[in-house]
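Here the structure comes first, spelled out in structure tokens, and everything after it is commentary.
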Amino acid sequence: MSSKKKILVTGGCGYIGSHTVVELIHNNFEVIIIDDLSNSSIQTINNIEKITGIKPLFCECDLKNKKHLDNIIRYNKNIDATIHFAAYKAVGESVKKPLTYYQNNITSLLNLLEVQSNYNIDNFIFSSSATVYGHPKKLPITEKNKTQRPFSPYGNTKKIAEEILEDIANSEKNFSCISLRYFNPIGAHESSLIGELPNGIPNNLLPYITQTAIGLREKLSVFGNDYPTPDGTPIRDYIHVVDLVKAHVKALKRQLNNQQESNFEIFNLGTGNGYSVMDVIKTFEKVASRKLNYEIVDRRNGDVPELYANANLAKEKLCWKAEKNLEDMIRSSWEWEQKARK
Ligand code: UD1
């Protein structure tokens with residue numbers, strides 16, 4: 001009989017989910033992936049196998065279909081924990097289609113929580129976002145910063161989800177939850193077999209840069225250079241996706257070893273370093289040895305001037321610290337983009 005702990009990963013074919021699955025397999029966990037493939041590809045499973053030598057079990061399922069989800073969890077007995085990534089995540093689209101975002105992200109979460117509770121699965125890791133801090137007044141941001149209503153419906157689904165999880169943790173003493181608030185994940189696995197492959201026109205800075213450099217987009221629009229920052233462009237805390245997912249495995253081990261200090265914990269996942277959009281462009285030009293075509297345009301609605309983490313709590317409690325620097329992150333994004341377009 002296998003003594004491996006069994007982990008359900010929703011959204012395991014997606015950008016952060018797939019890197020997490022690789023890290024879980026490297027750490028000797030057994031993984032079951034649920035993904036509806038709405039923003040990911042089945043090929044990711046083969047690529048995870050190429051990296052790890054192990055093919056994780058894959059179930060195609062939309063979490064809004066509670067009956068299907070129930071069947072999967074009933075059939076795959078003795079799951080120890082869930083890591084929940086599956087969600088829609090395009091900020092701009094969520095402003096245009098709020099109902100779709102609330103329906104998908106909240107219904108999926110509620111179904112998952114209900115079904116897993118029926119099978120006594122008590123451990124839950126949630127993929128949250130620094131967007132729950134809204135426009136923060138104090139920097140760097142600690143977990144004690146008050147959350148604010150996020151600017152977008154996407155962001156609000158993350159905030160509401162955390163509130164739901166906290167309420168359940170307060171009422172169910174057996175339920176253990178860790179919510180991980182990501183700053184700006186970028187980069188890709190060193191194999192370049194998995195990475196971020198956004199559908200259509202990218203919303204986020206890094207995929208837009210790499211797609212411009214490879215010739216898929218004409219030029220990058222830099223959204224404003226009149227912010228109160230040293231070079232006028234907004235500052236963010238970019239974090240390598242491989243560093244980010246290592247924190248998930250640490251959080252999971254903390255949970256499975258009953259080391260949580262309360263049954264609802266929150267950790268910021270960032271490097272603590274802020275870089276401006278121009279810093280990112282210059283670093284890209286250096287690592288890719290080419291000029292990037294860009295122009296300064298008006299500010300984008302909802303962008304804040306500065307957002308960077310205080311990640312000391314994760315360092316102290318999870319014994320985790322981001323290790324890769326901005327050049328590492330951007331180089332791996334660029335290598336991934338080049339390989340993905342071959
Ligand atoms: C956004 C979301 C965050 C989400 C993250 C990843 C908010 C407030 N933030 O972060 O919740 O987790 O995406 O999906 O909802 N930029 C350009 N040109 C571009 C694209 C971006 O100049 O074409 C600039 C932006 O103005 C910003 C920086 O690059 O200053 C980073 O933008 P982006 O990658 O979209 O991430 P965030 O908006 O920080």
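The values are calculated or read from the model by the stated rules, or taken from the named source; none is laboratory data. Since this is a predicted model, take the numbers as computed values, not measurements. Cβ placement follows ideal geometry from the backbone for every residue including glycine, while neighbour counts extend to all protein chains displayed. The accessibility values were calculated without ligands, DNA or RNA, using every heavy atom of the protein model including side chains. Shrake-Rupley method; radii C 1.70, N 1.55, O 1.52, S 1.80 Å.
Summary of computed values
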read-out: Selection from Ala213, Asn225, Leu109 lying farthest towards where the dipole of the range 99-226 points positive, charges on Cβ; value: Asn225
read-out: Most mobile listed residue (Val132, Val21, Val304) in the chain, GNM with C-alpha springs under 10 Å; value: Val304
read-out: Considering only the range 216-334, percent of DSSP beta bridges that pair antiparallel, nearest 5; value: 25 percent
read-out: Within the chain, percent of DSSP bridges classed antiparallel, to nearest 5; value: 5 percent
read-out: GNM top mover of Gly195, Gly14, Gly92 - the chain, alpha-carbon springs below 10 Å; value: Gly92
read-out: Cβ-defined net charge surrounding Ile32, 15 Å radius [Lys, Arg +1; Asp, Glu -1]; value: -1
read-out: Amide H contacts of Ile141 (H built 1.01 Å from N, under 5 Å, at least 5 apart or other chain); value: Tyr308, Ala309, Asn310
read-out: Heavy-atom accessible surface of the chain: percent carbon and sulfur, 1.4 Å; value: 46 percent
read-out: Theoretical gain in end-to-end length, Val304 to Thr229 [0.36 nm per residue, Cα-Cα removed]; value: 25.9 nm
read-out: Within the range 134-278, percent of DSSP bridges classed antiparallel, to nearest 5; value: 20 percent
read-out: Sum of side-chain charges, Thr212 neighbourhood, beta-carbon under 13 Å (Lys, Arg +1; Asp, Glu -1); value: +1
read-out: Residues of the chain: accessible area per residue with a 1.4 Å probe, Å²; value: 46 Å²
read-out: In nm, spacing of pseudo-spin labels at Asn293 and Ile54 (7 Å Cα→C-beta vector); value: 4.5 nm
read-out: GNM top mover of Lys64, Lys321, Lys138 - the chain, alpha-carbon springs below 10 Å; value: Lys138
